[in-house]
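Nothing in this text is a laboratory measurement; each read-out follows from the coordinates by a stated rule. Nothing here was measured: the structure is a model prediction, and the numbers come from that model. Virtual Cβ from ideal backbone geometry, glycine too; neighbours counted across all protein chains shown.
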Amino acid sequence: MGATTPAPGRGGLARVVAASVLANLAVIGLVVVALRWPDPQPITLATAATARALGGREVTVCVSGAVRYPGIYRLPADATVADAVAAAGGPLAGAAADAIDAMLPLGEGTVVHVPGEQPSRALAPLDINQAGVVELEMLPGIGPVLAGRIVEYRESRGPFSTIEELMNVQGIGEKTLDGLRGLVTVR
């Protein structure tokens, strides 16, 4: 009696099962690698020698916005805004780094916010009664704190009637309001 031959299509099924097993193993491997990948750690520019030269003085600053690694950093007491942005991995593509004063010295508790690209005046005005914090932060002169205050004001007092009402929000004055004219509206 001769050897038995496999049923037609059985070899194809084995190949499909083998390919499926290999694909699943590859996905599981990628998940394991992703889960074990270390989180980026903030870079501290204050070296022991720098700290000693400054009498051990350092400042703690917060870097936020369009930088690679936003976070809290300890820097030498003579550090500048440029040093803080560098410690945070540098500005992202599209960051409006020219909107900050890079040579400004830092003090304890300084917050350095690197804004994203400024909105074009060709865009439709932003409705401040509908905009969230992220959209408001894209406006010139509005960082995360002011954006939060605008939303908080709107939620506690109801929608804005005019853009001039923005001046009732703590931290917004004539200069900021003038920079927003043409970029914001109320509907």
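Percent of Cα-Cα pairs more than 18 Å apart in the range 132-187, please. The answer is 19 percent, as a whole percent. The packing ranking of peptides 176-182, 19-25, highest mean first, is 176-182, 19-25, where packing means the average number of other beta carbon atoms within 10 angstrom of each residue.
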